[in-house]
1. What per residue convex hull volume, in Å³, do the alpha-carbon atoms of segment 100-215 yield?
2. Please work out the Kirkwood hydrodynamic radius for the chain, using every pair of different C-alpha atoms, and report it in angstroms with one decimal place.
3. For the chain, what does -39500 (n - 2.57) per DSSP helix run (n ≥ 4), summed and divided by total residues, give at 222 nm, in deg cm²/dmol to the nearest 500?
4. Take the alpha-carbon centre of segment 84-102, take the same for segment 172-233, and report the distance between them in whole Å.
5. If you take every residue apart from PHE105 with its C-beta less than 11 Å away from the C-beta of PHE105, what net charge results, scoring Lys and Arg +1 and Asp and Glu -1?
6. In the chain, with Lys and Arg counted as +1 and Asp and Glu as -1 at Cβ, which of these residues, LEU282, PHE184, VAL95, has the Cα nearest the positive end of the dipole, that is, farthest along it?
7. Relative contact order of the chain: what whole-number percent is it, with Cα pairs under 8 angstrom and at least 6 residues apart?
8. Only helices at least 15 Å long along their own axis, judged from Cα atoms, and with Kyte-Doolittle mean hydropathy of 1.0 or greater: name those in the chain from DSSP H.
Amino acid sequence: MTQQNNTRAGIALMIAATVVFALQDGISRHLAGTYNTYMVVMIRYWFFAAFVIALAARAPGGLQIAAQTKQLGLQVFRGVLLAAEICVAVFAFTVLGLIDSMAVFICYPLLVAALSGPVLGEQVGWRRWMAIGVGCIGVLIILQPGKGVFNPWAIVPLISALMFAVYGLLTRYVARQDSAATSFFWTGIAGAVAMTLVGMWFWEPMARPDWAWMAVLCVSGVLGHWLLIKCYEMAEASAVQPFAYFHLVWGTILGITVFGEMLRPEVVLGAALVVAAGLFTLWRERRQG
């Protein structure tokens, strides 16, 4: 397969992954609106942990190689941070809805760019700082802090984006010594252990139809990660990453058609600025890389 065909396949896989992740967000909003968020995320992580264990067991060297790391504390912290971020994101879906939450959350690549200097020691030029500033203006337009009474829940998806940005930076940091397989293994295991320690105190009976939705949520989580793995095997991250913004498109469609949410003009304008700034940042990183 040629490089061009590889890139096309990678783009198709990335778009497919965004469809799956948007579906996952919609199901998470439905379940967390009825049941405790910690319990929902805990069950989801049980399935995810089983997936990473099965994947590691089939790889050369098995579980011993996958679990081998000199950065155990950092790897565990990464996994726990991602689990906590998922809880915050799902909570945001229930209090703000899919559209507004995701419109704010998509600023995380800009937060990664802003924090890559102090965390990783990378150089951030003035052009990327300008893009970060434009993205911040977009977020402010979405949140509208000066219009009437500011909704305090509007800060929740921003906290989620900051947590995910730190998780992404730590993933890049541990990649200097550990393989992607090792990082993936500890992401699932540490997250599952942390969520079990928290979620077991919030267990509540679930209706049979919702157990079916829970099963779909678990399978979609594994399928989404599998699609991303295959995507990054096919093509360079810089070539496919811009298409991750399709996640916002599918989430908006779900929010309007399934949950009856409204698409406000300021959300469209703000999200457009955030996406444009994010795409520019990715382009600059690709050129410098």
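1. On the way: hull volume 19.4 nm³, N = 116.
In segment 100-215, the Cα hull volume divided by residue count equals 167 Å³.
2. On the way: mean 1/r = 0.0507 Å⁻¹.
The answer is 19.7 Å.
3. Theoretical 222 nm ellipticity from helices: -26500 deg cm²/dmol.
4. Their Cα centres are 17 Å away from one another.
5. Details: positive: none; negative: ASP25, GLU85, ASP100.
Net charge around PHE105: -3.
6. So the residue we want is LEU282.
7. Values: 380 pairs, mean separation 124.5, N = 289.
Across the chain, relative contact order equals 43 percent.
8. Working: long enough: 3-32 (42 Å, 0.42); 37-58 (32 Å, 1.52); 72-96 (35 Å, 1.98); 108-120 (16 Å, 1.65); 126-143 (25 Å, 1.57); 156-174 (27 Å, 1.58); 180-199 (27 Å, 1.41); 208-234 (39 Å, 0.70); 246-257 (17 Å, 1.44); 265-288 (35 Å, 0.58).
Correct list, ordered by number: 37-58, 72-96, 108-120, 126-143, 156-174, 180-199, 246-257.
The values are calculated or read from the model by the stated rules, or taken from the named source; none is laboratory data. Note that the coordinates shown come from a computational prediction; the quantities given were computed from them, not determined experimentally. Note that we place each Cβ from the backbone using ideal geometry, even for glycine, and neighbour counts take in every protein chain shown. Surface areas here come from the heavy atoms of the whole protein model, side chains and all, with no ligands, DNA or RNA. Shrake-Rupley method; radii C 1.70, N 1.55, O 1.52, S 1.80 Å.
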